[in-house]
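Accompanying notes for the structure given below.
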Amino acid sequence: MNSSGLSLWPPVASAEAAHVDGIFVALLFIAGAIILLVGMLLLVFGIRFRRGSPARREELPSVISRDVEIGWTAGTVFLALFLFWWAGSVQLAAGQPPADALEIHVAAKQWMWKTRHPNGAREINALHVPRGEAVRLVMTSQDVIHSFFVPAFRVKQDAVPGRFTEAWFRATREGEYHIFCTEFCGTDHAAMGGKVVVMEPADYARWAAAQPESDSLPREGARLFVALGCSGCHAPSSAVHAPGLAGVYGRTVHLADGRAVRADEAYLRDSILQPKRDVVAGYEPVMPSFAGAVDEDELQKLVAYLMQLRDVSTPPGGAP
Ligand code: CUA
């Protein structure tokens, strides 16, 4: 350790980080205790039962050997089950963002992180977030696999081309923290990083309002929806028989082959790129694929637009 405060531990700046550290320390402690115990027994028995020593060598009474055997086997089984439950519950909680989380889109490319806030504010190699609020990252990559890592939050998630991945965190401490790319992604992999800036919520609101005017993702998506001709078929008034999309996000969709799937972000995205894979029951597989016609950036915009399309066309009392 030196005077600049170099520590073996990254800062703890999220609720998740405290949990992860707790598990890490406990595992280290338990593993250390077991190594110490086994090593000491090895040493003691090695000396005690060395060749030619007068130590007693007959069998132990069966009650002792059996009870001890059952005892330590049961003990370690329960210890392992407890560790599994502990780590599993933390991992599960880490995978489920609260419904009211602030949604931020992250697009990785060689060699930078591009982030985008709900109001349209964009950043490169930086991410401003409010302290104490849940932040959900929806990530994708425009080229190869990258991995978004913020050690201070103990959050790490791959950004994969061709699909959306998610991560979330709740920052607990103001400050600036490193973002790293932790998947070797080419020449400048090591330089691919940035910083997360955790601000008080009021400061964040001021910061977001001060960003240059830029259209929100859904608004740009709405324009693309028209420009690409999607609205020609999917509009309620269209002559082409295509599924209506209002309110589709989050709904269960019944498919022509009998399956039922939840219309999440991945489903919306796949339906644009591979429309023939999950055809909605009652419709013909006539939609062309838009793979190659839209890039990741445009896909994010389209999906963002579809996600916020509320179902307002249902007549009062009528079935959707
Ligand atoms: Cu991106 Cu390594």
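The values are calculated or read from the model by the stated rules, or taken from the named source; none is laboratory data. Keep in mind that this is a model prediction, so the values were computed, not measured. As a convention, Cβ positions derive from the backbone with ideal geometry for all residues, glycine included, and neighbour counts pool all protein chains shown. Please note that ligands, DNA and RNA were not included when accessible areas were found on the heavy atoms of the full protein model with its side chains. Shrake-Rupley method; radii C 1.70, N 1.55, O 1.52, S 1.80 Å.
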Filtering the range 134-185 down to residues that are at pLDDT 90 or above and on the phi > 0 side of the Ramachandran plot yields 154, 175
Identify, from the list 49, 84, 29, 24, the residue that is farther than 30 Å from residue 179 by Cα and either in contact (Cβ under 8 Å) with a residue 60 or more places away in the chain or among the aromatic types (Phe, Trp, Tyr) (or both).
-> 49
From the set of residues in the range 98-113 that are touching a residue at least 60 places away in the same chain (Cβ under 8 Å) and within 16 Å of the ligand (Cβ to nearest atom), which is surrounded by the most Cβ atoms within 10 Å (Cβ to Cβ)?
-> 108
Of the candidates 131, 66, the one satisfying the condition of being out of contact with any Pro (no Cβ under 7 Å at 6 or more places or on another chain) and either more than 16 Å from the ligand (Cβ to nearest atom) or open to solvent by 40 Å² or more (accessible area, probe 1.4 Å) (or both) is 66
Of 203, 215, the only residue that is modelled with pLDDT of 90 or more and surrounded by fewer than 17 Cβ atoms within 10 Å (Cβ to Cβ) is 203
What number of residues within the range 152-183 satisfy the criterion of being out of contact with any Ser or Thr (no Cβ under 7 Å at 6 or more places or on another chain) and within 15 Å of the ligand (Cβ to nearest atom)?
-> 4
Please work out if residue 149 is open to solvent by 70 Å² or more (accessible area, probe 1.4 Å) and within 16 Å of the ligand (Cβ to nearest atom).
-> no
Residue hits (the range 255-312; at positive phi and out of contact with any strand residue (DSSP E or B) (no Cβ under 9 Å at 6 or more places or on another chain)) are 258, 292
Sort out for me the strands (runs of 3 or more DSSP E) sitting completely within the range 116-232 that have 1 or more residues that are among the aromatic types (Phe, Trp, Tyr).
-> 146-150, 165-170, 175-181
Considering only the range 220-254, state which residues are surrounded by fewer than 15 Cβ atoms within 10 Å (Cβ to Cβ) and within 28 Å of the chain's Cα centre (by Cα).
-> 250, 251, 252, 254
For the range 277-292, how many residues are farther than 19 Å from residue 162 by Cα and buried (at least 17 other Cβ atoms within 10 Å of the Cβ)?
-> 3
Which numbered condition residue 26 misses (of (1) exposed (fewer than 10 other Cβ atoms within 10 Å of the Cβ); (2) among the small types (Gly, Ala, Ser); (3) in contact with a helix residue (DSSP H, G or I) (Cβ under 9 Å, 6 or more places away or on another chain)) = (1)
In the list 122, 173, 116, which residue meets the criterion of being in contact (Cβ under 8 Å) with a residue 60 or more places away in the chain, surrounded by fewer than 17 Cβ atoms within 10 Å (Cβ to Cβ) and more than 20 Å from residue 14 (Cα to Cα)?
-> 122
Taking the stated definitions as given, is residue 189 under 26 Å from residue 300 (Cβ atoms), open to solvent by 70 Å² or more (accessible area, probe 1.4 Å) and out of contact with any Leu (no Cβ under 7 Å at 6 or more places or on another chain)?
-> no
Tell me which residues, restricted to the range 87-97, are open to solvent by 70 Å² or more (accessible area, probe 1.4 Å) and not in a loop (DSSP other than H, G, I, E, B).
-> 91, 92
For the range 29-63, enumerate the residues that are more than 30 Å from residue 153 (Cβ to Cβ) and either open to solvent by less than 70 Å² (accessible area, probe 1.4 Å) or touching a strand residue (DSSP E or B) at 6+ places or on another chain (Cβ under 6 Å) (or both).
-> 39, 46, 53, 55
Read through the list (1) away from the ligand (no atom under 13 Å from the Cβ); (2) under 21 Å from residue 296 (Cα atoms); (3) not in a strand (DSSP E or B), then give the number of the only condition that residue 84 fails.
-> (2)
